[in-house]
1. Rounded if a/c is under 1.5, else prolate if a/b beats b/c, else oblate: with a ≥ b ≥ c from the C-alpha gyration tensor eigenvalues square-rooted, which is the range A:66-116?
2. Across the range A:71-87, in residue order, what do the Karplus-derived ³J(HN,Hα) couplings come to in whole Hz, using 6.51 cos²θ - 1.76 cosθ + 1.60 with θ = phi - 60° and x for Gly and Pro?
3. Taking 22 Å as R0, compute the FRET efficiency from the Cβ-Cβ separation of residue B:20 and residue A:104 and round it to 0.05.
4. What average number of partner chain Cβ atoms lie no more than 10 Å from the Cβ of the residues making up A:60-71?
5. Where in the range B:1-100 are there GluC sites (Glu not before Pro) that are in a DSSP coil and have at most 15 other Cβ atoms within 10 angstrom of their Cβ?
6. If you take the square roots of the eigenvalues of the alpha-carbon gyration tensor of the range B:1-103 and sort them as a ≥ b ≥ c, do you get rounded (a/c under 1.5), prolate (a/b over b/c) or oblate?
7. Positive end of the dipole of the protein assembly as shown, charges at C-beta (+1 Lys, Arg; -1 Asp, Glu), about the Cα centre: which of A:110, B:74, B:26 has its Cα farthest in that direction?
8. Please report, in debye to the nearest 20, how large the charge dipole of the range B:52-110 is about its Cα centre when each Lys and Arg carries +1 at its beta carbon and each Asp and Glu carries -1 there.
Amino acid sequence: KAGVTQTPRYLIKTRGQQVTLSCSPISGHRSVSWYQQTPGQGLQFLFEYFSETQRNKGNFPGRFSGRQFSNSRSEMNVSTLELGDSALYLCASSLVGGAGGQETQYFGPGTRLLVL
Amino acid sequence: AQSVSQHNHHVILSEAASLELGCNYSYGGTVNLFWYVQYPGQHLQLLLKYFSGDPLVKGIKGFEAEFIKSKFSFNLRKPSVQWSDTAEYFCAVNARTDKLIFGTGTRLQVFP
């Protein structure tokens, strides 16, 4: 079974631009979560989607948004990029999520975003 | 709010040495606990997890962790490390949601 895939793997943008990252979960998985990984802040939860609905949200500004499609694929969008948005963005999937957190999340390789 | 502390930021060991990485969390209710590992250039992978039951859990590659509820701790152990264990290790907690709260990670370097 293929793992979680993320595209693109690397991205360079300039301040003020916007970016869209894509995540395809493991086949059959319906819950997709997004995390931001930076050297200073570590791994921080952005949001979680299930059945095309955002079910959980972390403490990030409204510039960070996401969506999920009927095939469970998810996209994350960051508008008006800032230098501090440079990070590794990780996507994780699990079967249905919401099971009291008692499901393993499987992570993709991440998209490394550099904002200049 | 939940938080996770990993006090060892960087650990250097020789092969065959024993390993213990500390993880403490702050949350008064029931939690699910995880240890993930990130090998150089690779994805985050699950090492082990605790949901309920026996507080001593065994994971892959000879790792184990013990949940001590009274100490809010979930320390990771391995009796004898190998060079291939060089990686970054993350403790994570969730309080019955899908929002994983991660510690800042511990970088382990094992020298032959």
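1. Values: a/c = 2.69, a/b = 1.93, b/c = 1.39.
It is prolate, given that a/c is not under 1.5 and a/b is the larger ratio.
2. 8, 6, 4, 10, 10, 10, 10, 10, 9, 6, 4, 10, 4, x, 7, 4, 5
3. Values: r = 23 Å, r/R0 = 1.07.
So the FRET efficiency works out to roughly 0.40.
4. 0
5. Numbers: sites: B:15, B:20, B:64, B:66, B:88; in loops: B:15.
For GluC sites (Glu not before Pro) across the range B:1-100 that sit outside H, G, I, E and B with at most 15 neighbouring Cβ atoms in 10 Å, the list reads B:15.
6. On the way: a/c = 1.80, a/b = 1.58, b/c = 1.14.
Because a/c hits 1.5 or more and a/b exceeds b/c, the range B:1-103 counts as prolate.
7. Value computed over the given set: A:110.
8. On the way: 9 positive and 6 negative charges, 24 e Å.
The calculation lands at about 120 debye.
No value in this document is a laboratory result; all are computed from the given coordinates. Not measured: the values here are computed from a predicted model. Positions of Cβ are backbone-derived with ideal geometry, glycine not excepted, and every protein chain shown enters the neighbour counts.
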